[in-house]
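Peer 1: Quick one: the structure is below, and I'll ask about it shortly.
The values are calculated or read from the model by the stated rules, or taken from the named source; none is laboratory data. These numbers come from a predicted model, not from an experiment. Surface areas here come from the heavy atoms of the whole protein model, side chains and all, with no ligands, DNA or RNA. Shrake-Rupley method; radii C 1.70, N 1.55, O 1.52, S 1.80 Å.
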Amino acid sequence: NWSPALITIYYNMQAASVGEAPAAQAELLSALAPYPNPMKTSGALSFTLSEPARVILSAYDMAGRPLLHIEKTCAAGTQQIGLTSIPNIHGAILLRAEAESEHGTQTKSTIVVLE
């Protein structure tokens, strides 16, 4: 069972030193939402960009092994990337989306369960 605090940590991963608040920045990448979750055979990852950006989507198993790598240039607005279940992989995986624009880079992560 995941506690709400743990889900928040995985959903909004940002690097900051202990005792130091993260620097305020405009939200380039938001609303990272896999659907459905858990995923059986296919699904999608939806997200919103405040400006055009190059998006890198990576998936890792819980041991840190890479499972998926997609790079795509996206326009501003709501985007959706289709996902197909990875054969012979079941359980939780980490999805990491990184958006790079001329104004900076932002990364968000979330957990998806593959049945």
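Peer 1: Which percent of the accessible heavy-atom area of segment 45-115 goes to carbon and sulfur, probe 1.4 angstrom?
Peer 2: 52 percent
Peer 1: If you don't mind, another one. Where does each of THR110, THR48, THR105, THR78 land when they are ordered by accessible area, with a 1.4 Å probe and the largest first?
Peer 2: THR78, THR105, THR48, THR110
Peer 1: Can I ask one more? Accessible area per residue, 1.4 Å probe, Å², for segment 43-115: what's the number?
Peer 2: Counting only protein heavy atoms, the per-residue value for segment 43-115 is 50 Å².
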